[in-house]
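Have a look at the structure below, then the notes.
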Amino acid sequence: MPRRNRSPPSGGGISRYEDFSVITRNSLLHALADNNKQLSNDNIEHLMQAYDSLSTFSDVNPALIRIAADPAIQAVIFSNGTKTMVSNSVLRSKDLLPHANVFQAIVTVDEIQQYKPSKASYEHLAKQTGQDPSEMNKLLAD
């Protein structure tokens with residue numbers, strides 16, 4: 001049963017929260033159904049595990065090297081995914097694993113059950129990192 005937000009996000013949007021791993025699996029199942037394809041449960045599980053070890057774009061490695069070299073930067077991962085999903089991605093991706101120590105924290109919206117870009121999600125990020133929201137810069141990646 002999906003968890004519900006205590007209050008809907010301002011300005012409309014998603015008012016129902018589901019664990020992002022559930023959304024990811026449901027998206028895969030929906031794409032398969034839309035294309036009249038079927039996979040065994042084992043193959044579906046294999047694809048879900050592959051999601052945890054995706055490669056990065058070519059500009060990520062040099063960017064993480066520069067970030068690691070700048071002590072003024074407090075690098076964190078901020079995600080709609082769960083901590084387990086994000087941790088698995090960092091630790092299983094051949095591209096991210098060498099840079100795992102660059103990230104000082106993993107902050108997810110799972111704890112507050114409101115997706116980015118809700119205001120509450122960014123307030124949560126600020127609180128978790130001890131930063132004033134006006135002093136935070138974010139690097140967005142799709």
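None of the figures in this text is laboratory data; all of them are computed from the coordinates on show. Everything numeric in this text was worked out from a predicted model, so none of it was measured. Glycine also receives a Cβ, built like all others from the backbone with ideal geometry; neighbour counts cover every protein chain displayed.
Being among the acidic types (Asp, Glu) and either touching a residue at least 12 places away in the same chain (Cβ under 8 Å) or within 19 Å of Glu18 (Cα to Cα) (or both) narrows it down to one of Asp110, Asp42, so name that one.
Working: Asp42 fails: either touching a residue at least 12 places away in the same chain (Cβ under 8 Å) or within 19 Å of Glu18 (Cα to Cα) (or both).
None of the others qualify; the one that does is Asp110.
Looking only at the stretch 114-127, filter to residues that are surrounded by fewer than 18 Cβ atoms within 10 Å (Cβ to Cβ) and in contact with a Phe, Trp or Tyr (Cβ under 9 Å, 6 or more places away or on another chain); which one of those is nearest to Asn80 (Cα to Cα)?
Ranking the candidates gives Lys116 first.
Starting from the stretch 18-39, keep only residues that are farther than 20 Å from Asn80 by Cα, then list their pairs with residues that are of a type in the set (D, E, K, R) whose Cβ atoms are within a distance under 9 Å, requiring at least 6 positions of separation or different chains.
Ala31/Lys37
Can you run down the residue pairs with Cβ atoms below 7 Å, 6 or more apart or on separate chains, where the first is in the stretch 54-80 and closer than 10 Å to Val102 by Cβ and the partner is among the small types (Gly, Ala, Ser) and assigned to a loop (DSSP other than H, G, I, E, B)?
Hits for this filter: Ile67/Ala75.
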